[in-house]
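The values are calculated or read from the model by the stated rules, or taken from the named source; none is laboratory data. This structure is a prediction, so every number in the text was calculated from the model and none was measured. Methodologically, a virtual Cβ is constructed for each residue, glycine included, from the backbone with ideal geometry; neighbour enumeration extends over all protein chains shown.
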Amino acid sequence: MASTSVATAPGRSAWDGGVSPMGASYGKLMMWFFLLSDAFTFSALLITYGMVRSAHPAYEGAVHAFKFSANYWPVPEKVFEAVPFLHGMSLPLVFVGIMTFILIMSSVTMVLAVEAGHRMDRKAVEKWMLWTIVGGLAFLGCQAWEWSHFIHGAETGDAVAEGTTFFGANLVNNQYGPRDFAAFFFFITGFHGTHVFSGVCLNFLIYYNTVTGVYDRRGHYEMVEKVGLYWHFVDLVWVFVFTFFYLV
Amino acid sequence: MATTDIHIHQDVHHHGDGHDHDHDHEHHGGNFWTTYIFSEDHKIIGKQFLITGIFWALLGGSLSVIFRLQLGFPDMNLEWLKPILGGWITPEGKLDPEFYLALVTMHGTIMVFFVLTAGLSGTFSNFLIPLQIGARDMASGFMNMLSYWFFFASSVLMFISLFLETGPAAGGWTVYPPLSALPQAIKGSGLGMTLWLVAMALFIVSSLLGSINYISTVINMRTRGMSFTRLPLTIWAFFFTAIIGILSFPVLFAAALLLIFDRSFGTSFYLSDIYIGGEALAHDGGSPVLFQHLFWFLGHPEVYIVLLPALGISSEIIATNSRKPIFGYKAMIGSMLFIAILSFIVWAHHMFVTGMNPFLGSIFMLLTLIIAVPSAVKIFNYVTTLWKGNIVFTPGMLFSIGLVSFFLTGGITGIFLGNSAIDIQLHDTYFVVAHFHLVMGSASFFGMLAGIYHWFPKMFGRMMNERLGQIHFWITFIGVYMVFFPMHYIGIAGFPRRYYSWTNFETFSGFADLNMLVSLAAILTLAAQFIFLFNFFYSIWRGRLAPANPWNANTLEWTTPRNPGHGNWPGEIPAVYRWPYDYSKPGAKDDFIPQTIPFSETPESNLPHETELIKLESTSGDDIIIQGGKLEGNH
């Protein structure tokens, strides 16, 4: 962002040493490179998911006649259709939509916190960091509910995979489809959830340091920016997880 | 905001040099623990990696000699190893067949990851990057320290796994499932495999912490005048290595996590349709080939993580000791870049016989064979650098030349193996073993030894004994060829790797003599390493005191005091005015011109375009002002 404001002596370039050529501190560079490598971890997992899923037959029949079966990959909107307090209603992808909205809003509040940091406005940084933490916690809470619902599954016999009497899901068995369906769901959303959880911890650390005036004394709020990069990345990853698990 | 940071950054690392240093000196009064154990000084951390790497190399080498005894002397009574190996020697005085597999597995794991990744890249990236780019230390000394201690924790776990009753991991260093995933399959797939996976996860964390640090340091902390085109080739190599590392290790991390889940939590990512004792396992729907894809997406770049630092080190040493500029500096960088890119799109050549589509195989074959082009560019550049040079045969130089030899010999067999059709015959034979031990194992190991001999004076302030170094070189060089050259023939004959014994196959009995020779040469080669060990440890305390610049080299590390403290340069960090390869420049007084000498001081040897550069030298780096007008309000 600041690369355009790098002015150099005639005949010299910003890459000639003695300065930070990209106009970014080493800490910010490190965060970028970490995110690059983390992106490869998630890509590996999502590609793995894609390969295993494509190795399983897809459901071919009409959507309204869909039944859970271990013989084909389930249709996601038939699996994720529950919303808290609206028991028994079929609301496909409504709840996960709310979760996604919450996470994206927390990214917006993070942007506002970073912007407030640029203005050295401690009160505003505190306010927006707090909202970001709340957003993160809300997302984690929703995920906990979703997992719990997924694990417990149906109460009656209708939604049981053929030939079994298993309700809900664990890492070995599940009522929704092939074994790998639930295993990947737990693994990838869990891996992402772990990232969100560490993000919330980092956000809290930043919030705490802001409240105690550490960054005011330091003279800049760059830490907010670095953690902000991480938070946006976690959001971006969720967009892909959401696409591959719920939409496709 | 960002530009504000630059001011701060510059204050710390350039303008505040004098002050920084005083501060560091106070630190040095610190106790033993902060100075040598939990040190944040890149030089100490580099040495920590080196010592740990030497320990692992010795262990990994010894393991190979034990299984070579089995291969070379199948009838030998190994009773005498009982005090060390205990129950792994059967009552008949034979090596336990499952332990043989564990030995092969641990030899591979140790050598590839703990010696040639951590021991080589960890040592020299840490030690050389700040010294050669002109920085006080790594970007983050703390993360650097963490990187070592994660590696240490990983080492401890891997070491403990050697002493388990069920033995360490035994499914080969590539740990393919289902063998590695099912404890019922082999003893080593029990706790040993669990420890292997946890140790590797820690290792990956260590590697990422290190790599992120190396890249940021090279980008942000170069001294004034040290543009990328004035970087020594060592730094370029470490830079590419670190980039490959941060892009490929996370994929192994994902693969390992999934394997952990399959092993411990009942998932079926890699497992399907398996019957043990006539009974079907619950696992269903996964694919073991999937693991191979994930593994080799790391595994192939890993080859270059191992090799590139060695190539960088040898480029530097060969230019210095040929007293000639490196031939094709930019071609060297370009070929390393090209190799780095190609390394990510050739992984499936390890999997030609997994039943992949032959059309896909031919694409991977084509990409694989293209690697021969940048590799050949490098070989020719080494040879043309040596051509008509005033070669000084220091031990470091000998090992560098040895590297070039191995890289060529081993590289040529790579062209055979890269062909998907020939690979059907050669796959998993000793031909493959010979190929990668020469091109990546021995070549990188020689690069590491060359680096140790060359930078030992900077590490410990003393010289290693040159004569012992030369003896070490010749025995090792001849020994390595005697080990791996015959293996090609054994492999072409179809002898498969990882087999405990071939005495049941009449076809292979004709190779008993050759195998015996290989084993004897392996013992000889390992024995020669003790010459090195003696030389190394003796010279640390008793070696001849090193002059400031023992090899008359140009790079920045030789402008530091004999024993540089934390902060490297006592005064200001020197500025850089030229590339690092001004050796034997026509017209120059000496046959080398250090990077710190401005063109204005060498009018007699300047080329026309360099005379032009003198104008720029008056505007020293301090005058470069980074202006961030739009951000003034921030202060």
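This table checks each residue for (1) of a type outside the set (Ser, Thr, Tyr); (2) closer than 30 Å to B:Pro288 by Cα; (3) surrounded by fewer than 17 Cβ atoms within 10 Å (Cβ to Cβ).
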site	(1), (2), (3)
A:Ala65	yes, no, yes
A:Val79	yes, yes, no
A:Val94	yes, no, yes
A:Gly97	yes, no, yes
A:Ser107	no, no, no
A:Asp121	yes, no, yes
A:Trp128	yes, no, no
Problem set entry | Unmet requirement for B:Ser314, which otherwise passes all of (1) outside any helix (DSSP H, G or I); (2) within 30 Å of B:Ser584 (Cα to Cα); (3) small (Gly, Ala, Ser) | (1)
Exercise. Considering only residues of segment B:257-306 that are within 35 Å of the chain's Cα centre (by Cα) and of a type in the set (Val, Ile, Thr), which is surrounded by the most Cβ atoms within 10 Å (Cβ to Cβ)?
Worked result: B:Ile305
Exercise. Just for helices (runs of 4 or more DSSP H) wholly inside segment B:61-167: which have at least 1 residues that are in contact with a His (Cβ under 7 Å, 6 or more places away or on another chain) and crowded, with 21+ Cβ neighbours inside 10 Å?
Worked result: B:123-133, B:141-161
Exercise. If you go through segment A:51-95 one residue at a time, how many are farther than 16 Å from A:Arg179 by Cβ and among the basic types (Lys, Arg)?
Worked result: 2
Exercise. Hey, B:Ile129 hits all of (1) within 14 Å of chain A (Cβ to nearest Cβ); (2) more than 19 Å from the chain's Cα centre (by Cα) but one; which does it fall short on?
Worked result: (2)
Problem set entry | Filter pass, A:Ser54 being surrounded by fewer than 19 Cβ atoms within 10 Å (Cβ to Cβ), among the hydroxyl-bearing types (Ser, Thr, Tyr) and at pLDDT 90 or above | yes
For this session: Using the structure shown, decide if B:Ala254 is buried (at least 20 other Cβ atoms within 10 Å of the Cβ), within 7 Å of chain A (Cβ to nearest Cβ) and in a helix (DSSP H, G or I).
Result: yes
Exercise. Which residue pairs have Cβ atoms closer than 8 Å, lie 6 or more positions apart in sequence or on different chains, and pair a first residue in segment B:76-105 that is free of Cβ contacts under 8 Å to residues at least 60 places away in the same chain with a second residue that is assigned to a helix (DSSP H, G or I) and among the small types (Gly, Ala, Ser)?
Worked result: B:Asp96/B:Gly87; B:Leu103/B:Ser64
Exercise. Pick from segment B:599-617 the residues that are in contact with a helix residue (DSSP H, G or I) (Cβ under 6 Å, 6 or more places away or on another chain) and within 14 Å of another protein chain (Cβ to nearest Cβ): which of them is surrounded by the fewest Cβ atoms within 10 Å (Cβ to Cβ)?
Worked result: B:Glu617
Exercise. Filter segment A:204-235 for residues that are within 14 Å of chain B (Cβ to nearest Cβ), part of a helix (DSSP H, G or I) and free of Cβ contacts under 8 Å to residues at least 12 places away in the same chain; which is surrounded by the fewest Cβ atoms within 10 Å (Cβ to Cβ)?
Worked result: A:Arg217
Seminar exercise, completed: Residue count, segment B:234-247, condition touching a Gly at 6+ places or on another chain (Cβ under 9 Å) and surrounded by fewer than 24 Cβ atoms within 10 Å (Cβ to Cβ), comes to 1
Exercise. How many residues does segment A:42-100 hold that are among the hydroxyl-bearing types (Ser, Thr, Tyr) and more than 30 Å from B:Phe291 (Cα to Cα)?
Worked result: 2
Exercise. Looking at segment B:380-481, what helices (runs of 4 or more DSSP H) fall wholly within it and have at least 1 residues that are surrounded by 18 or more Cβ atoms within 10 Å (Cβ to Cβ) and under 18 Å from the mean Cα position of the chain (by Cα)?
Worked result: B:395-417, B:430-436, B:443-460
Seminar exercise, completed: Across (1) at the interface with another protein chain (Cβ under 7 Å from one of its Cβ atoms); (2) more than 21 Å from A:Leu36 (Cβ to Cβ); (3) in contact (Cβ under 8 Å) with a residue 60 or more places away in the chain; (4) part of a helix (DSSP H, G or I), B:Arg224 clears everything bar (4)
